[in-house]
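Trainee: This is the structure I have questions about; it appears just below.
The values are calculated or read from the model by the stated rules, or taken from the named source; none is laboratory data. All figures in this text were calculated on a predicted structure; none of them were measured in a lab. Here the Cβ positions follow ideal geometry from the backbone for every residue, glycine too, while neighbour counts run over all protein chains shown. For the accessible areas, the whole protein counts, side chains as well, though only heavy atoms, and no ligand, DNA or RNA atoms are used. Shrake-Rupley method; radii C 1.70, N 1.55, O 1.52, S 1.80 Å.
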Amino acid sequence: MLPVHPPIALPDADATDALAQRMAGRVGPGDVLLLEGQIGAGKTHFARALIRALGVTEDIPSPTFTLVQTYDAGFEIWHADLYRLSHPDEAQELGLTEAFETALCLVEWPEKLGADRPKAALTLRFSLSGDGRTVALFSDQPGWAARLADV
């Protein structure tokens, strides 16, 4: 994977919300965002902020126990948390791999996808940095760099 944007400092929750707001106009159906990082790195906060920025007003619970939550923002959004999966085949059983084609998919713990990890996805790698967070963006798809140039 190649970097598609310089790392972005997220000193607080407002900065994460602002990043989600900026990205909302740049993502849509067929896009897959793979959210990597340790527990507490900001993956779920970012996913919720992005879903809200796309116009969803309902409650946005963490999908830790349900594995997948879906939303309608004029197009389908899938928010998946794969932490509890024990084998990549379980992601297929959820219908997630089919959703990659038609929905905006936000996937926490994407390493659980194994070989089903989409090649054209955008990976957001969250890490703790002092009191805040940092996110680095990577992809094998060259188009992401242009789409995200001014985020």
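Trainee: All but one of (1) open to solvent by less than 80 Å² (accessible area, probe 1.4 Å); (2) outside any loop (DSSP other than H, G, I, E, B) hold for T64, so report the exception by its number.
Mentor: Failed condition: (2).
Trainee: Taking the stated definitions as given, is P7 in a loop (DSSP other than H, G, I, E, B), open to solvent by 70 Å² or more (accessible area, probe 1.4 Å) and closer than 23 Å to G143 by Cβ?
Mentor: The answer is no for P7.
Trainee: Quick one: count up the residues across segment 22-48 that are aliphatic (A, V, I, L, M) and open to solvent by 20 Å² or more (accessible area, probe 1.4 Å).
Mentor: 1
Trainee: Restricted to segment 16-56, and to residues that are more than 13 Å from the chain's Cα centre (by Cα) and polar (S, T, N, Q), which residue is modelled with the highest pLDDT?
Mentor: Restricting to residues being more than 13 Å from the chain's Cα centre (by Cα) and polar (S, T, N, Q), the top hit is Q21.
Trainee: Still on this structure, I have one more. Taking into account only those residues within segment 49-61 that are crowded, with 20+ Cβ neighbours inside 10 Å and in contact with a helix residue (DSSP H, G or I) (Cβ under 8 Å, 6 or more places away or on another chain), which is farthest from D131 (Cα to Cα)?
Mentor: L54
Trainee: For residues that are of a type in the set (G, A, S) and either in a loop (DSSP other than H, G, I, E, B) or without any contact (Cβ under 8 Å) to a residue 24 or more places away in the chain (or both), tally how many sit in segment 67-82.
Mentor: Residues flagged as of a type in the set (G, A, S) and either in a loop (DSSP other than H, G, I, E, B) or without any contact (Cβ under 8 Å) to a residue 24 or more places away in the chain (or both) within segment 67-82 amount to 2.
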